[in-house]
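Written below as structure tokens is the structure these notes are about.
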Amino acid sequence: MKTPFIRPRSTEDLRACIDALASVHRSDRYPVDWPADPGRWLTPSDLLQAWVAVEGSDVVGHVGLSQLDAATLEPSLATAIGTPVGRVGSITRLFVTPQGRGHGHATHLLDVVRKEAANLGVTLMLDVSDEGHAAIALYERVGWRRVASAHADWLNTAGKRALVHYYVSPDAVQEPTQSE
Ligand SMILES: CC(C)(COP(=O)(O)OP(=O)(O)OC[C@H]1O[C@@H](n2cnc3c(N)ncnc32)[C@H](O)[C@@H]1OP(=O)(O)O)[C@@H](O)C(=O)NCCC(=O)NCCS
């Protein structure tokens, strides 16, 4: 496993991140539909921080940490995760270029976000389409726990409503959901 150089994403990295995302979209249909504004897609309004994995001057990987709130996290999902709304962060926009794969870059990117989430005191979750076989294999291999599945309102590569799986981080501690 190569140890990539991972650092916080800067504004100047955005062009290279869009180029990397374009190569991922071509090879994997991730995202399923190419966004009208890829820079904005990589910078959702709830984004707390993003990181890039670089090899030389090339961006080969990307990940973001979003803060979920009551508007973006359904109560039933919060219950499944076992943590109060307001203390949940989500992995977002994780990808590694086809050329950069298989060297542990995604594993290292996930570790960086897990450390940041621990510093912030938020429980970390993620969602992944049922079609994301490599991503699912990765999450399960490094100990993420599937807590729920549901159909989303967007279409997968087959043009059907995507089945989305929700995972919590290996660091997540389940808390009682009812006060006594
Ligand atoms: C999923 C993805 C991020 C993995 O990136 P990566 O840097 O190659 O991942 P790693 O090298 O850290 O892989 C670690 C583990 O993931 C799993 N994995 C990664 N790619 C895999 C593949 N093509 N098939 C099966 N398992 C795979 C394996 O368990 C692997 O462990 P191993 O190397 O001991 O076999 C990359 O394939 C990708 O960008 N896919 C398209 C975008 C995407 O699906 N993003 C996630 C959205 S939720």
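The values are calculated or read from the model by the stated rules, or taken from the named source; none is laboratory data. As the structure is a prediction and not an experimental result, all values here were calculated from the model. Neighbour counts run over all protein chains shown; Cβ positions are idealised from the backbone, glycine included.
Applying the selection to segment 27-68, what residues are among the hydrophobic types (A, V, I, L, M, F, W, C) and part of a loop (DSSP other than H, G, I, E, B)? Steps first, please.
So in segment 27-68, the residues among the hydrophobic types (A, V, I, L, M, F, W, C) come out as 32, 34, 36, 41-42, 47-48, 50-54, 59-60, 63, 65, 68.
Result: 32, 34, 36, 42.
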Within segment 9-31, residues surrounded by fewer than 17 Cβ atoms within 10 Å (Cβ to Cβ) and under 15 Å from the mean Cα position of the chain (by Cα) come out as 31
Note down all Cβ pairs under 6 Å where the first residue falls in segment 22-45 and is more than 15 Å from residue 156 (Cα to Cα), the second is within 13 Å of the ligand (Cβ to nearest atom) and charged (D, E, K, R), and they're at least six residues apart or on different chains.
-> 42/93
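Among the residues of segment 69-87, are any in a strand (DSSP E or B), crowded, with 17+ Cβ neighbours inside 10 Å and of a type in the set (A, V, I, L, M)? Explain how you work it out, then say what you get.
Initial filter on segment 69-87 (in a strand (DSSP E or B)): none.
No, there is no match, as no residue in segment 69-87 is in a strand (DSSP E or B), crowded, with 17+ Cβ neighbours inside 10 Å and of a type in the set (A, V, I, L, M).
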Out of all the residues in segment 51-68, is one or more more than 16 Å from the ligand (Cβ to nearest atom) and among the charged types (D, E, K, R)?
-> no
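So that you can scan it fast, the table gives a plain yes or no per residue for (1) at pLDDT below 95; (2) among the aromatic types (Phe, Trp, Tyr); (3) assigned to a helix (DSSP H, G or I):
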site	(1), (2), (3)
110	no, no, yes
115	no, no, yes
131	no, no, no
139	no, yes, yes
147	yes, no, no
152	yes, no, no
Among (1) surrounded by 14 or more Cβ atoms within 10 Å (Cβ to Cβ); (2) under 17 Å from the mean Cα position of the chain (by Cα); (3) within 11 Å of the ligand (Cβ to nearest atom), residue 169 falls short only on (3)
